[in-house]
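**Q** I'd like to ask some things about the structure below.
The values are calculated or read from the model by the stated rules, or taken from the named source; none is laboratory data. Small disclaimer: the values here were computed from a predicted structure and weren't measured. Every residue, glycine as well, gets a Cβ built from its backbone with ideal geometry; the counts of neighbours run over all protein chains shown. For the accessible areas, the whole protein counts, side chains as well, though only heavy atoms, and no ligand, DNA or RNA atoms are used. Shrake-Rupley method; radii C 1.70, N 1.55, O 1.52, S 1.80 Å.
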Amino acid sequence: MPQLIRDRAVVDDGWTLLRDAAAAESIPATGPVIVPLAVWKARHDELVARADIGVWLAPADDLAELAADVAALPLIAVDFPQFTDGRGYSNGRLLRERYGFTGELRAIGDVQRDQLYYLAQCGFNAFAIRDDRVAATELAGLAVFSDGYQMTNLRTPWFRRRAETLARDDNNCSSGD
């Protein structure tokens, strides 16, 4: 069984990813399956009743087409067809912040160690690592940085937190005289 990183742990992947619409014509009657957005839309009434169906989004897919269904989906996967394609980062943030998705948000495709920390900052909690990589080794990518600098990650900018820490340290040193 393939492995992936979910919630900062390496786990077996029990989901079947159907990459093309032709394969999705024969969706298994049981078992967790991830279908393309086009298949979800075409077979919506049939699939929405199942609790074991997830949807994967291509970079050019319109998230608004899935907005009404995010509460019913246990998993949404966002495809990264190339390491350099960053559209999925925005889609992850939009799914979490605008559409309120609370289920598993999985990065699929050309997902590499260097991306993991930044994907997590955008709301992804699961990562299907490329087949030529080992998930257990790639897991270290989530701990590359101890803190984020981007305002989207912080309530108080890093430089202000640093100044506050220095001011507290100065006050603690002067109070001991």
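**Q** Please work out the average accessible area per residue across the chain, using the 1.4 Å probe convention, and give it in Å².
**A** Working: 9800 Å² over 177 residues.
About 55 Å² of surface per residue is accessible.
**Q** Put a dot 7 Å past each Cα toward the Cβ at ARG87 and ALA42; how far apart are the dots in nm?
**A** Here the answer is 2.0 nm between the modelled labels.
**Q** Working with all protein chains in place, sort TYR117, TYR99 by solvent-accessible area computed with a 1.4 Å probe, largest first.
**A** If we order TYR117, TYR99 from most to least accessible, we get TYR99, TYR117.
**Q** A further question follows. Give me the percent of the accessible area of segment 1-134 that comes from carbon and sulfur atoms, probe 1.4 Å, all protein chains in place.
**A** Here carbon and sulfur together make up 51 percent of the probe-accessible area.
**Q** Can you check what the net charge comes to around CYS122, using other residues whose Cβ is under 12 Å from the Cβ of CYS122 (Lys, Arg +1; Asp, Glu -1)?
**A** With Lys, Arg at +1 and Asp, Glu at -1, the neighbours total +2.
**Q** Taking amide hydrogens as modeled 1.01 Å from N in the peptide plane, which residues meet the under 5 Å criterion relative to GLY109, leaving out close sequence neighbours?
**A** HN-HN under 5 Å from GLY109: PHE80.
**Q** Another question about this same structure. For a Förster distance of 30 Å, can you work out the FRET efficiency between the beta-carbons of ASN172 and TYR117, rounded to the nearest 0.05? Don't skip to the end; give the middle numbers.
**A** Details: r = 32 Å, r/R0 = 1.07.
With a Förster radius of 30 Å, E is 0.40.
**Q** Which label marks the calculated value of mean projected area of the Cα convex hull in nm², given the options (1) 9.4; (2) 11.8; (3) 12.7?
**A** So the structure-derived entry is (3).
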